[in-house]
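Working notes, beginning with the structure itself.
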Amino acid sequence: MASTTPITATEILDEVIQPVESSFSREFADTVLQIRMSEKAQKRIRDLLQRNNAGALEPAEKAALDNYLLVGQFIDLLQAKARASLQRRSSR
């Protein structure tokens, strides 16, 4: 029987990216590990999180926060896969 719980974007990303699979080249993995949110984006996220905690977000701001968090999760998954790829290569 199929689950009635909808799949989340994070679960889809995890399924697609498969972060524990180690298929990145060393060069690509090194590049992925350098990805960071800009200072401007980090400041915006902090502001949105503070406003969210205070219950003061407008719907458009909530959508922006959700999008920032989704992008952050995407980066986290890519970097997990990059680390797994580098670890596999170094253990050969």
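The values are calculated or read from the model by the stated rules, or taken from the named source; none is laboratory data. Not measured: the values here are computed from a predicted model. Cβ placement follows ideal geometry from the backbone for every residue including glycine, while neighbour counts extend to all protein chains displayed. For accessibility, only protein heavy atoms count, side chains too; no ligands or nucleic acids. Shrake-Rupley method; radii C 1.70, N 1.55, O 1.52, S 1.80 Å.
Brief remarks follow.
- Hits in region 6-32 - residues which are hydrophobic (A, V, I, L, M, F, W, C) and open to solvent by 70 Å² or more (accessible area, probe 1.4 Å): Ile7, Ile12, Val16, Val20, Phe28
- If you go through region 33-62 and keep only what is of a type outside the set (A, V, I, L, M, F, W, C), assigned to a helix (DSSP H, G or I) and surrounded by fewer than 10 Cβ atoms within 10 Å (Cβ to Cβ), you end up with Glu39, Lys40, Asn53, Pro59.
- Residue, nearest to Ser85 (Cα to Cα), within region 13-32, restricted to residues that are in a loop (DSSP other than H, G, I, E, B) and among the hydrophobic types (A, V, I, L, M, F, W, C): Phe24
- Remark: pairs (first residue in region 34-55, farther than 16 Å from Asp76 by Cβ; second residue among the aliphatic types (A, V, I, L, M) and part of a loop (DSSP other than H, G, I, E, B); Cβ separation under 6 Å; 6+ apart in sequence or on different chains) = Arg51/Leu57.
- Looking across Leu78, Leu86, one residue alone is open to solvent by less than 50 Å² (accessible area, probe 1.4 Å) and either touching a Lys or Arg at 6+ places or on another chain (Cβ under 9 Å) or among the charged types (D, E, K, R) (or both). It is Leu86.
- Residues that are in contact (Cβ under 8 Å) with a residue 24 or more places away in the chain, open to solvent by less than 70 Å² (accessible area, probe 1.4 Å) and among the hydrophobic types (A, V, I, L, M, F, W, C), drawn from region 63-75: Leu70, Ile75
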